[in-house]
Amino acid sequence: MKKTLWLFCLKRLASLPIILLGVSLLTFFLMRIVPIEPAEVILRLSGVTPTTESIRSLEKEMGLNLPLFEQYWLWLKDVLSLQFGTSFVSKLPVAEELLSKFPATVLLAISSFVLALTISVPSGIISALYPYSLINKFVRMLSIISVSLPTFWLGFMLIYIFSIQLNLFPTNGTGSLAHLILPTCTLAIPIIGLFTQTIQTAVTQELTKPYIDYAYQRGLSKKTIIMKHVLKHTLTPLLSLFGLTLGNLMAGAIVVEQVFSWPGVGRYLIESIINRDYPVIQSYVLIVATLYVCINLCTDILQRIFDPRIKESTYD
């Protein structure tokens, strides 16, 4: 089985360059469809009134007058050497700017994800184990409410209650654990509702399977059945959901970072879109797409490790 797993990992790793090449093609050519004139944007941001002559001159200097595939090849060579160009606004390397903002986004993403898992896994299981209880109704009601709340509204309400009225946490910024709590809760609450509902449904379906009755007849305790069998069979298919959610969080919680002035990549992206900062938007899309591909690969490998019944043909 170990040999099969290694073979599967090697196959998936071998397919990565092809997938990433496709991602780079889409990123480059889709950005060319967007009606942005990079030369004009640079001139305007530099305080120079753009004229036809100045735009053409700058385009020639930037290589934008070359055929598209030649531009793509030059851009790809720079990307492979981790050169993502220079920001039109700050005049700093994009890679350097993104790298400086990713730690804040990663911190917020991981703290939200851990909080969501910590609350939703036991809530979903308990709710499924006691389907007609008050706990079940209470958990279901809270799950529906939390999923339905708009993130920006939730963020503003948490700021109003815990920062302005109770003066417990700062309204925005970063630098301490207190700064992290409100943005983390804002991001985690909708995810808790989604995870709880999904886990509850999955556990409920698992409990109806024939092997559960057989396990009781063998004299296994309820705790053993839940911990050793139900959880294993339930959580493995949910790894895809967990992976996608983590990918979304890593891509930058754009609304939450904006509401709390959190200095992550999501807020940086919004500023770049407003300023039409072409290299930043393009690099962001490429990096986030690559991140999703890598997380998807890790999720597939984890599913195969936790559930050897999954056949290799599923992924081919």
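The values are calculated or read from the model by the stated rules, or taken from the named source; none is laboratory data. Because the structure is a prediction, the values reported are computed rather than measured. In this analysis, Cβ positions are derived from the backbone assuming ideal geometry, glycine residues included, and neighbour counts consider all displayed protein chains. Each accessible area value is taken on the protein alone, full model and side chains, heavy atoms only, with ligands, DNA and RNA left out. Shrake-Rupley method; radii C 1.70, N 1.55, O 1.52, S 1.80 Å.
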Counting only residues in segment 126-152 that are open to solvent by less than 70 Å² (accessible area, probe 1.4 Å) and among the hydroxyl-bearing types (Ser, Thr, Tyr), the one nearest to the chain's Cα centre (by Cα) is identified as THR151
Within segment 157-198, of all residues that are aliphatic (A, V, I, L, M) and without any contact (Cβ under 8 Å) to a residue 24 or more places away in the chain, the one most open to solvent (accessible area, probe 1.4 Å) is LEU177
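Okay, residues lined up against (1) out of contact with any Ser or Thr (no Cβ under 9 Å at 6 or more places or on another chain); (2) surrounded by fewer than 14 Cβ atoms within 10 Å (Cβ to Cβ):
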site: THR4; (1), (2): yes, yes
site: GLU59; (1), (2): yes, no
site: GLU70; (1), (2): yes, yes
site: PHE88; (1), (2): no, no
Restricting attention to segment 90-99, and to residues there that are open to solvent by less than 80 Å² (accessible area, probe 1.4 Å) and modelled with pLDDT of 85 or more, which single residue is farthest from THR27 (Cα to Cα)?
-> LEU92
Segment 274-289 residues that are basic (Lys, Arg), paired with ones that are open to solvent by 20 Å² or more (accessible area, probe 1.4 Å) (beta carbon under 6 Å, 6 or more apart) | ARG276/ILE36
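Looking at the structure I just gave you, is SER163 at pLDDT below 90 and part of a helix (DSSP H, G or I)?
No; evaluated as a whole, the condition is false for this residue.
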List the pairs whose first member sits in segment 136-151 and is over 22 Å from VAL255 (Cβ atoms) and of a type in the set (A, V, I, L, M, F, W, C), whose second member is modelled with pLDDT of 85 or more and in a helix (DSSP H, G or I), and whose Cβ atoms are under 7 Å apart, counting only residues at least 6 apart or on separate chains?
-> VAL139/SER123; VAL139/SER127; VAL139/THR196
Residue by residue through segment 202-216, note down the ones that are touching a residue at least 60 places away in the same chain (Cβ under 8 Å) and farther than 21 Å from LEU115 by Cβ.
-> THR204, LEU207
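Can you go through LYS101, LYS137 and tell me which one is under 25 Å from TYR268 (Cα atoms), of a type in the set (D, E, K, R) and assigned to a helix (DSSP H, G or I)?
Within the list LYS101, LYS137, the selection yields LYS101.
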Across segment 261-287, which residue is nearest to GLN205 (Cα to Cα) among those that are of a type in the set (D, E, K, R) and open to solvent by 40 Å² or more (accessible area, probe 1.4 Å)?
-> ARG267
Please verify whether segment 24-37 includes one or more residues that are over 21 Å from ILE273 (Cβ atoms) and open to solvent by less than 70 Å² (accessible area, probe 1.4 Å).
-> yes
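Here are THR290, THR201, THR236: which of them is at pLDDT 85 or above and either open to solvent by less than 20 Å² (accessible area, probe 1.4 Å) or in a helix (DSSP H, G or I) (or both)?
THR201
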Residue pairs within 8 Å by beta carbon, gap of at least six or interchain, first lying in segment 223-248 and of a type in the set (Lys, Arg), second open to solvent by less than 60 Å² (accessible area, probe 1.4 Å), listed first then second, are LYS232/ASP307
Restricting attention to segment 240-260, report how many residues are open to solvent by 20 Å² or more (accessible area, probe 1.4 Å) and within 15 Å of LEU107 (Cβ to Cβ).
-> 2
